[in-house]
Amino acid sequence: MKALPLERMEMKNFAALAFAVAVASVAVFAASRFMRAKSPAKGSRLVKAVAASRPILPGKGAIEAEWLKPRLVDVDSLPVTAIPWQERNRVLGQTPSRTIPEGDYVLLGDIAGAEIILSGTVPEGEWAVPVSFADSSLARFLQPGDEIAILASASVRETVESLDATEAAAERREDSTSVLFPCVRILDIGEGDGIRRDGGRAKAVTVIVALSPREAATLVAAERLMDLYPALRRSGDASSMKRRDVGVVDESTFRSLRSGLAPVDLGEGGR
C-alpha cells in the first residue's frame with residue numbers, strides 16, 4: 001500500500017477533528033435548546049393541583065384515587081378554588097356536581113357539599129372586594145378564577161368662568177373611558193360557593209375580586225363615581241398589563257375617526 005504524504009495525513013486528521021467538533025457543537029446546542037424548553041420560565045413558581053385523569057361524570061359514583069392526577073401549573077395561573085395535590089384526599093369519596101373533562105382542574109365548586117372559605121382564596125397581601133358592573137351582559141358568563149380587566153366610563157363636569165363678569169359661568173362636560181385595572185382575578189361570584197346559579201337571567205351580578213389595599217380603596221370610590229364594565233382576559237395572558245397600553249377614549253378619539261373622510265351622499269335614490 002502506498003503511504004500517504006505526511007501533509008495529506010495531517011490535513012485528513014485536521015478535517016476529521018473539525019468535523020467532530022462541529023458535530024459536538026450541534027449536539028450541545030440542541031441539548032441546550034431542549035433543556036431551555038423543558039425548564040420553567042425565569043421567576044415562575046410551579047405548583048401541583050388536582051386534575052382529572054379521566055372524564056369524571058356526576059351520578060357515576062364517588063371520586064376514586066385513580067381518577068385524579070397532578071397538573072403542574074404556574075401559581076399565577078392557578079384557579080383560586082383549585083385543590084393542591086397534597087390535599088387530594090379532600091375529594092376522594094366525594095360526589096362531583098358537574099362533568100369534569102380529562103385533564104381539567106378539579107375545583108372545590110365541582111364537589112357537592114364542599115365548603116369554600118373565601119378568606120382562604122385571598123392571596124397574601126390583597127383584600128377581597130365586591131364590585132357590580134353597569135352592564136351584566138358579560139358578567140353573567142364570568143366564573144370564579146377568571147381574569148378580567150375593569151374599564152371605567154366617567155363624565156367629568158368642569159365650570160368655565162366667563163370673561164364677561166355679567167355672564168354666568170358655563171359648565172363643560174367631558175366623557176371618557178379608560179382602563180381602571182388591567183388584570184384582576186375573580187375570587188367568587190354567585191352564592192359564595194364557587195358555583196354560578198343565576199339561571200342565565202340578565203340581572204345585576206356582584207363579583208368578588210382580589211386587589212391590593214390601595215387598589216381596593218380606589219375600586220370602592222370608582223364604583224360610586226363611574227360606570228364600571230368587565231372585559232374577560234385569557235387566563236395567564238401576560239400582555240396589556242399596564243393602563244397606558246390601552247389609553248383613554250374621549251371625544252378626540254371619535255373626531256379622529258372622521259378625519260380625512262368624505263361625507264357620504266346617498267343621492268335622491270335613497271337606498
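Of everything in the range 219-271 that's of a type in the set (Ser, Thr, Tyr) and farther than 30 Å from residue 79 by Cα, which residue is nearest to the chain's Cα centre (by Cα)?
Taking the range 219-271 first, the residues of a type in the set (Ser, Thr, Tyr) are 229, 235, 239-240, 252-253, 256, 259.
Right, trim to farther than 30 Å from residue 79 by Cα and you get 252-253, 256, 259.
Values: 252: 30, 253: 27, 256: 31, 259: 35 Å.
Top of the filtered list is 253.
Out of 72, 4, 78, 46, I need the residue that is more than 23 Å from the chain's Cα centre (by Cα) and either farther than 30 Å from residue 189 by Cβ or at pLDDT 55 or above (or both). Which one?
Values: 72 fails: more than 23 Å from the chain's Cα centre (by Cα); 78 fails: more than 23 Å from the chain's Cα centre (by Cα); 46 fails: more than 23 Å from the chain's Cα centre (by Cα).
Result: 4 is the single residue among 72, 4, 78, 46 that is more than 23 Å from the chain's Cα centre (by Cα) and either farther than 30 Å from residue 189 by Cβ or at pLDDT 55 or above (or both).
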Index of the failed condition, residue 266 passing every other in (1) assigned by TED's automatic domain parsing to the domain that holds residue 154; (2) out of contact with any Asp or Glu (no Cβ under 9 Å at 6 or more places or on another chain); (3) at pLDDT below 90: (1)
message: Here's a check for you: in the range 130-143, which residue that is under 18 Å from the mean Cα position of the chain (by Cα) and either at pLDDT 85 or above or surrounded by 14 or more Cβ atoms within 10 Å (Cβ to Cβ) (or both) is nearest to residue 187 (Cα to Cα)?
response: 143
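Do we have residue 154 as closer than 25 Å to residue 220 by Cα and more than 21 Å from the chain's Cα centre (by Cα) here?
Working: closer than 25 Å to residue 220 by Cα: yes; more than 21 Å from the chain's Cα centre (by Cα): yes.
Yes: the conditions hold for residue 154.
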statement: Reported set for the range 144-167 where residues are assigned to a loop (DSSP other than H, G, I, E, B) and at pLDDT 80 or above is 146
message: Taking the conditions exactly as written (part of a loop (DSSP other than H, G, I, E, B), modelled with pLDDT of 85 or more and either among the hydroxyl-bearing types (Ser, Thr, Tyr) or over 15 Å from residue 54 (Cβ atoms) (or both)), does residue 94 satisfy them or not?
response: yes
statement: Of 73, 129, 47, the only residue that is touching a helix residue (DSSP H, G or I) at 6+ places or on another chain (Cβ under 7 Å), over 30 Å from residue 223 (Cα atoms), not basic (Lys, Arg) and not in a loop (DSSP other than H, G, I, E, B) is 47
task: Go through the range 103-121 and give me each residue that's in a loop (DSSP other than H, G, I, E, B), surrounded by 14 or more Cβ atoms within 10 Å (Cβ to Cβ) and modelled with pLDDT of 80 or more.
output: 104, 106
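How about the range 201-258: which of its residues are among the charged types (D, E, K, R) and assigned to a helix (DSSP H, G or I)? Lay out the reasoning, then the answer.
Taking the range 201-258 as the starting set, the residues that turn out to be among the charged types (D, E, K, R) are 201, 203, 214-215, 223-224, 227, 233-234, 237, 242-245, 250-251, 255, 258.
Answer for the range 201-258, where residues must be among the charged types (D, E, K, R) and assigned to a helix (DSSP H, G or I): 214, 215, 223, 224, 243, 244, 245, 251, 255, 258.
The values are calculated or read from the model by the stated rules, or taken from the named source; none is laboratory data. Remember, predicted model here, so these are calculated numbers, not experimental data. Using ideal geometry, Cβ is built from the backbone for each residue, glycine included, and neighbour counts are taken over all protein chains shown.
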